[in-house]
Amino acid sequence: MVLKLIKITLYFLPLLWLSSCTEEKVKLTHGLDESAGGSTAYIISTPLATYYLEKEGGGLSSLIDKDGVDWIGFHNKKGSGHKGEYRGFPNAIHKQDGSYFHAMNAGTDPSSSTVEIDSDDHVRINFTSDNENWQGQWDFYPDRCDFTMSKISSGYKYWVQYEGVPGGEMDSTDYWYASTDKKQHPIIEPFEGDLPAPEWMAFGDKDSPRVLYLLHQEDDEYPDNYVSRPDMTVLGFGRENGEQTSKHLDTVQTFSIGFVESTEYSAIEQAIKKILD
């Protein structure tokens, strides 16, 4: 009897190992983002986050952590401003040959999309603006999301922004880190200038065990800008002083967004290094 049990166990062990190896780490479904006003969305679930990618506008409307907290907080209600309709990622093209790659609000122009990869560890979705002059590529992995501006309208420039709510709400307990130094900065402290390579900034809340990081994978000498609003962050890669004419990016570039399950600077550095290696 004992030998029989041993044989059965030895038989099933490889099957259990194979099952764990093929476990789905990135899952794509379709639905509504109710918190954003009921817009249709691609819903990408990963071990660290759930991303709601709004289907018509082509931008993230919600980014949910493991505790169910939304770090974007978009809502499409017209006139909600910093409290809803301005929020999102990458919010890249604003009144520059259209307004694209923002969760759909009253000022966003529509885009079309195709799912190009849907595997257990990688989902890729491409968006094309309705004027066909811009394209954005979304790649979702178990540890992060990458957005690549893969086609730029000739003669125009863009920026890439995170406009959201660290820890679910913008308040005095929020803070940011950046590649500039190892200090924790209060959320109301602005930043102007070119972030040193690797260009990144991370946001946290004292009541959260994690931070949300934003990484520009290519180094450049263009300005980056962070300012706080009463109800949201405004971090812009390739942005200067918030003016419409201050967009600087005009080539194919990739930007990462994701959570680090720590609030230590060294852990953020290590996560950034892993992406770039």
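What nm distance separates the two modelled labels at T40 and E132, each placed 7 Å from Cα along Cα→Cβ?
Simple spin-label model gives 2.2 nm for this pair.
Quick one: 3J(HN,Hα) in Hz for the range 162-169, Karplus 6.51/-1.76/1.60 with θ = phi - 60°, rounded, Gly and Pro as x.
Along the range 162-169, the couplings run 10, 10, x, 10, x, x, x, 7 Hz.
List the lysines whose Cα sits under 19 Å from the Cα of K27, skipping any in the same chain fewer than 8 residues away.
Correct list for K27: K55, K66.
Taking 8 Å as the Cα distance limit and 6 or more residues as the minimum spacing, I'd like the relative contact order of the chain as a percentage.
14
Please list, short to long, the whole-number percent of alpha-carbon pairs of the chain in consecutive 5 angstrom bins beginning at zero.
Histogram of Cα-Cα distances, whole percents per bin: 1, 6, 13, 17, 19, 17, 11, 6, 3, 2, 2, 2, 1, 1, 0, 0.
Would you mind checking K206/K274; K25/K274; K95/K157 for any pair whose Cα atoms are more than 22 angstrom apart?
Violating the 22 Å limit, Cα to Cα: K206/K274.
Enumerate by residue number the trypsin sites (Lys or Arg not before Pro) in the range 212-277 meeting two conditions: DSSP loop (anything except H, G, I, E, B), and at most 12 other Cβ atoms within 10 Å of the site's Cβ. Could you put the intermediate results ahead of the total?
Values: sites: R239, K247, K273, K274; in loops: R239, K247.
When the trypsin sites (Lys or Arg not before Pro) of the range 212-277 are filtered for loop state and at most 12 Cβ neighbours within 10 Å, nothing remains.
How far is helix 2-21 tilted, in degrees, relative to the longest principal axis of the Cα atoms in the chain, given as a value from 0 to 90 rounded to the nearest 10?
Taking Cα atoms only, the helix is inclined about 20 degrees.
Note down the net charge around D118, summing +1 for each Lys or Arg and -1 for each Asp or Glu among other residues with Cβ under 13 Å from its Cβ.
-2
Once phi is turned into ³J(HN,Hα) by the Karplus curve 6.51 cos²θ - 1.76 cosθ + 1.60 with θ = phi - 60°, what whole-Hz value does each residue of the range 221-233 show in order, with x for glycine and proline?
3J(HN,Hα) across the range 221-233, in whole Hz: 10, 7, x, 10, 9, 10, 9, 9, 10, x, 10, 6, 7.
Reachable aspartates and glutamates from K183, Cα under 12 Å, same-chain residues fewer than 8 places away excluded?
Cross-link targets: E264.
Going by alpha carbons, how many degrees (0 to 90, nearest 10) lie between the helix axis of 265-276 and the longest principal axis of the chain?
Roughly 80 degrees, rounded to the nearest 10.
Read the figures in this text as sums done on the coordinates, not as results from a lab. In this text the structure is predicted, and so the values were computed from the model without any measurement. Every residue, glycine as well, gets a Cβ built from its backbone with ideal geometry; the counts of neighbours run over all protein chains shown.
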